[in-house]
Amino acid sequence: ASPPSQAVLIPSPAGRERGRGQRQVPRTPGALLTRSPRRSLPAAVVGAGLGGSASAYFLQQHFGPQVQLDVYEAAGVGGRLATVTVNKQQYESRGASIHALSLHMQDFVKILGLKHRREVAGKSAIFSGEQFVLEETDWYLLNLFRLWWHYGISFLRLQMWVEEVMEKFMRIYKYQAHGYAFSSLEELLYSLGGDAFVNMTQRSVAESLLEVGVTQRFVDDVIAAVLRSSYGQSVLVPAFAGAMSLAGAQGSTWAVEGGNKLVCSGLLKLTKANIIPARVTGISLHSSEGRALYQVHYESSEGQGSAFYDMVVVTTPLHPSRSNFTFENFEPPIADFPGAFQPSVTSVVHGYLNSSYFGFPDPKLFPFTSILTTDTPDLFFNAMDNICPVNISAAFRRKQPQEAAVWRVLSQQPLDKHQLKTLFRSYYSVQVTEWQTYPRYDAAKSLPPIVLHENLFYLSGVEWVASSMEMIAVAAKNVALLAYNRWHQDLEKIDQKDLMHKVKTEL
């Protein structure tokens with residue numbers, strides 16, 4: 001915290017605009033901690049990606065007009081749901097597809113009056129670095145026959161395993177509809193699938209699948225390829241994260257017309273949240289009238305500032321490798337978060353595919369729009385796909401393989417010129433985005449907390465269970481319910497056991 005002689009910026013209650021209208025209040029203990037009685041609840045959300053925008057929406061949904069929301073975002077609304085522009089058309093750079101069973105995302109699209117993007121068919125294949133080990137055809141029965149011919153009934157065993165996990169996971173929507181919340185990720189998982197779900201965060205997807213009779217060859221070829229394309233990691237990722245990724249690969253998926261990031265901007269607009277273009281550097285704890293009061297410190301283009309809140313939700317990663325966020329005056333201190341993040345590179349390339357590299361000397365005969373890869377040491381990319389723009393007109397057609405198309409290549413390191421020339425005969429443009437997108441799942445064995453203090457919550461920890469748009473939306477709803485139930489001391493709605501029975505009797 002800065003010295004008492006310094007002025008601190010406190011938002012004025014009416015709209016709490018930043019900038020010229022800000023009041024500078026001397027930072028004395030009296031001015032800091034004496035608040036006139038009021039019914040409003042000032043709350044801050046740190047981050048305006050999907051987690052932040054969904055948290056703001058759900059907080060307002062539960063607290064109503066009482067909550068006054070400030071959302072801090074330094075980079076831009078949408079976070080990882082970002083687009084790049086090629087030839088005046090926008091394309092998703094990450095966060096490209098949403099599973100059909102993503103009920104919160106479906107709701108957001110409906111509430112915001114958005115549309116599902118028109119699907120453009122395409123075929124996938126898995127490449128080993130030398131040849132395609134599995135190729136999709138236009139014929140469903142032929143695809144099934146090929147899977148059976150190569151891998152026996154492994155794909156059926158996989159399907160049954162994923163369906164069992166998803167069926168239990170879907171219970172969360174019933175719990176949340178009845179207002180139940182969980183104070184830790186372990187409690188949330190336990191309520192859905194008991195000890196089995198909690199254990200799925202501690203053992204690998206490979207171990208779990210081999211146990212239910214999936215063959216090693218299927219794991220090496222198919223499971224590895226899916227996990228490399230989704231998380232950029234191996235079959236050693238935990239079973240729960242693996243199951244969520246495999247559900248997305250098996251089921252039908254969709255995307256938002258105009259770009260998935262429209263969900264974030266739409267939710268924030270709907271909540272009329274006050275968006276503050278600033279980077280939060282830390283939070284310090286004070287108390288007022290027996291309640292915790294949080295001072296959020298931030299840096300913006302206008303310099304440093306701070307503001308006070310009754311409640312704060314942090315939706316950006318707090319791991320030291322990702323942020324230098326500080327917590328002050330907390331007793332006991334808020335501990336460091338263990339674990340590391342997986343580097344991930346997205347290259348959006350406008351060019352002509354080098355189909356010869358994949359064993360097709362004539363580019364006209366290349367049939368695939370999506371290429372996944374096995375875990376082979378020499379392979380320098382995880383996956384690549386021929387992508388469509390975020391706005392697809394009725395007359396749109398996908399480029400033929402011999403034409404210049406827009407390809408998205410996922411890799412762990414930026415592609416050098418030789419690697420680009422390996423994949424493309426020639427290209428017009430390359431746009432590279434480097435992320436630390438997903439947790440490195442083999443690097444941590446404990447799950448981060450949700451509750452950091454009385455009314456201070458951490459959302460991003462859910463990504464250590466599994467990382468997807470819907471998981472983040474589920475976590476945002478959970479945090480809003482948890483905050484609401486704790487604020488109103490409704491402890492009957494937190495960490496309840498045998499919820500399936502309770503929910504049935506409430507019906």
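The values are calculated or read from the model by the stated rules, or taken from the named source; none is laboratory data. Note that this is a predicted model, so its numbers are computed, not measured. Cβ placement follows ideal geometry from the backbone for every residue including glycine, while neighbour counts extend to all protein chains displayed. Heavy atoms of the whole protein, side chains included, go into the accessibility calculation; ligands, DNA and RNA do not. Shrake-Rupley method; radii C 1.70, N 1.55, O 1.52, S 1.80 Å.
Longest segment of the chain with no GluC sites (Glu not before Pro) in a DSSP loop having at most 12 other Cβ atoms within 10 Å?
131-288
Determine the dipole magnitude for the chain: charges of +1 sit on the beta-carbon of Lys and Arg, -1 on that of Asp and Glu, nothing else is charged, the reference point is the Cα centre, and the result goes in debye to the nearest 20.
Using only the charged Cβ atoms, the result is roughly 1560 debye.
Distance check, please: which entries in 88/272; 115/168; 272/497; 261/497; 123/421 exceed 25 angstrom between their Cα atoms?
88/272; 115/168; 272/497; 261/497
With a 1.4 Å probe and all protein chains left in place, how much of the accessible area of segment 409-507 comes from carbon and sulfur atoms, in whole percent?
Using a 1.4 Å probe with all protein chains present, segment 409-507 comes out at 50 percent carbon and sulfur.
Which length gain, in nm to one decimal place, applies between residue 425 and residue 335 when the Cα-Cα distance is subtracted from 0.36 nm times their residue separation?
Stretched fully, the residue 425-residue 335 segment lengthens by 27.3 nm.
Place a point 7 Å from Cα of residue 118 in the direction of its Cβ. Which residues in segment 392-406 have their backbone N less than 15 Å from it?
It comes to 392-399, nothing else.
Evaluate the charge dipole of segment 244-360 about its Cα centre and quote only its size in Debye, nearest 20, assuming +1 on the Cβ of each Lys and Arg and -1 on the Cβ of each Asp and Glu.
420 debye
Whole-Hz Karplus ³J(HN,Hα) for segment 348-353, in order, using 6.51 cos²θ - 1.76 cosθ + 1.60 and θ = phi - 60°, x for Gly and Pro?
Taking θ as phi minus 60°, the curve returns 9, 10, 9, x, 9, 4 Hz for segment 348-353.
Counting each DSSP H run of 4 or more residues in the chain as -39500 (n - 2.57), what helix-only mean residue ellipticity at 222 nm follows after dividing by all residues, to the nearest 500 deg cm²/dmol?
One gets -8500 deg cm²/dmol as the mean residue ellipticity at 222 nm.
So who's got an amide H within less than 5 Å of the one on residue 424, skipping anything under 5 residues away but keeping other chains? H placed 1.01 Å off N, in plane.
It is 354, by chain and number.
Among bridges DSSP assigns within the chain, what percent are antiparallel (round to 5)?
70 percent
I'd like the carbon and sulfur percentage of the solvent accessible area for segment 127-226, probe radius 1.4 Å, heavy atoms only, ligands and nucleic acids excluded.
55 percent
Over the chain, average the accessible area per residue using a 1.4 Å probe and give it in Å², no decimals.
On a per-residue basis, the chain sits at 45 Å².
So, with a 1.4 angstrom probe, what is the percent of accessible area on segment 281-397 that is carbon and sulfur?
50 percent
Read phi for every residue in segment 289-303 and hand back ³J(HN,Hα) as whole Hz from Karplus 6.51 cos²θ - 1.76 cosθ + 1.60, θ = phi - 60°, with x for Gly and Pro.
Per residue, the Karplus-derived 3J(HN,Hα) values read 6, x, 10, 5, 10, 9, 9, 8, 9, 9, 10, 10, 5, 8, x Hz.
If you put +1 on each Lys and Arg Cβ and -1 on each Asp and Glu Cβ, how big is the dipole of segment 363-500 around its Cα centre, in Debye rounded to 20?
So the dipole magnitude of segment 363-500 works out to roughly 740 debye.
How much length is gained if the chain between residue 326 and residue 257 is pulled fully straight, taking 0.36 nm per residue apart and subtracting their Cα-Cα distance, in nm to one decimal?
Full extension from residue 326 to residue 257 adds 21.0 nm.
Local charge sum around residue 47 (other residues, Cβ-Cβ under 11 Å, Lys/Arg +1, Asp/Glu -1)?
Summing Lys and Arg as +1 and Asp and Glu as -1 gives +1.
Could you tell me the distance between the Cα centroids of segment 366-402 and segment 84-124, to the nearest Å?
16 Å
Return the distance in nm (one decimal) between the two label points of a simple spin-label model at residue 451 and residue 167, each offset 7 Å from Cα along Cα→Cβ.
In this crude spin-label approximation the distance works out to 3.3 nm.
Which one, 84, 290, 140, projects farthest toward the positive side of the charge dipole computed for the chain from Cβ point charges (K/R +1, D/E -1)?
Ranked along the dipole, the leading option is 84.
Tell me, what ³J(HN,Hα) does each residue in segment 191-207 have, in order and in whole Hz, if you take phi through Karplus 6.51 cos²θ - 1.76 cosθ + 1.60 with θ = phi - 60° and put x for Gly and Pro?
5, 8, x, x, 4, 4, 5, 4, 5, 5, 8, 10, 10, 7, 5, 4, 4
Can you give me the distance in nm between label points at residue 497 and residue 301, each placed 7 Å from the Cα along the Cα-to-Cβ direction?
Output for this residue pair reads 5.6 nm.
Which of the chymotrypsin sites (Phe, Trp or Tyr not before Pro) found in segment 121-175 are in a DSSP loop and have at most 10 neighbouring Cβ atoms, other than their own, within 10 Å?
For chymotrypsin sites (Phe, Trp or Tyr not before Pro) across segment 121-175 that sit outside H, G, I, E and B with at most 10 neighbouring Cβ atoms in 10 Å, the list reads 139.
Using a 7 Å offset from the Cα along the Cα-to-Cβ direction at both residue 412 and residue 149, what is the distance between the two label points in nm, to one decimal?
Taking the two extended label points, one gets 3.3 nm.
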